[in-house]
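Note sheet for the following structure.
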Amino acid sequence: MEFVCSTRYSQKTLTAMARALRKTVRARTNLWLKVVCAVLIGICLLSIYASWEDPWYVGTNGVVIVFLLAVQWKQDWLNGYIARRRALPGTEFSSTTFHQDCFETKIAGAVTQWKYDKVTVLAESGAYIFFIMGKNHASAFEKEGLEGGSVAEFRRFLEERTGKQIKFVGG
């Protein structure tokens, strides 16, 4: 059985891919960053309380708090945006063919073949299936662009080939 999947790497796709990375291989780092952010917000709140009479000091700490909360809230979008800015021209669209022994990705005239054992984590969201191959490397496959079988058959095929269970990451 052979599957073919076409994917457009838009901001939405890259945001979903960043979420999958954050919820799987970066989960520990993300927890640590949340704790550091909470501690910094606590320090800023204490500083505001201690110097309530100085409006510049209160305003500066308020801006820091708003900034930290915004970064925590939009971190996946920011990571996707940075990935999009770093991407090479012509890599916005990919077509991947899944063979029995490997999968082959075509991007902007280049073809790469990967063995399934390079996949560290299989993840899935509402619209995508992800191959996570490290803390900073992943591939997204749109379920909508899948040819050659149903999504359920594709899941079984991937779990069989990689030897890993698919982890649902939401979204």
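The values are calculated or read from the model by the stated rules, or taken from the named source; none is laboratory data. Bear in mind that the values here come from a model prediction, so they are computed numbers and not experimental data. Note that we place each Cβ from the backbone using ideal geometry, even for glycine, and neighbour counts take in every protein chain shown. Note: areas computed on protein heavy atoms with side chains; ligands, DNA, RNA excluded. Shrake-Rupley method; radii C 1.70, N 1.55, O 1.52, S 1.80 Å.
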Checklist entry - In percent, what relative contact order does the stretch 47-171 have, based on Cα pairs under 8 Å that are 6 or more apart in sequence? => result 15 percent
Item to check | Surface accessible to a 1.4 Å probe, Tyr9 within the full protein complex, Å² | outcome: 40 Å²
Item to check | Residues of type lysines that Lys118 reaches as a straight line, Cα spacing below 18 Å, ignoring anything fewer than 8 places off in the same chain | outcome: Lys106, Lys135, Lys164, Lys167
Item to check | Longest segment of the chain lacking GluC sites (Glu not before Pro) that sit in a DSSP loop with at most 14 other Cβ atoms within 10 Å | outcome: 54-143
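Order the following by accessible area, largest value first: Trp56, Trp32. Probe radius 1.4 Å; ligands, DNA and RNA are ignored.
In descending accessible area the options line up as Trp56, Trp32.
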Next on the checklist: Just to confirm my numbers, what's the Cα centroid distance between the stretch 101-171 and the stretch 33-75 in Å?
Outcome noted: 40 Å
Item to check | Crossing angle, helix 11-23 versus the chain [Cα axis fit, 0-90 degrees, rounded to tens] | outcome: 80 degrees
Item to check | Reported label for calculated mean projected area of the Cα convex hull in nm² given [x] 10.5; [y] 9.3; [z] 11.1 | outcome: [z]
Item to check | Calculated from backbone phi, Karplus (6.51, -1.76, 1.60) coupling profile of the stretch 37-43 in Hz, x at Gly/Pro | outcome: 4, 5, 5, 5, 5, x, 5
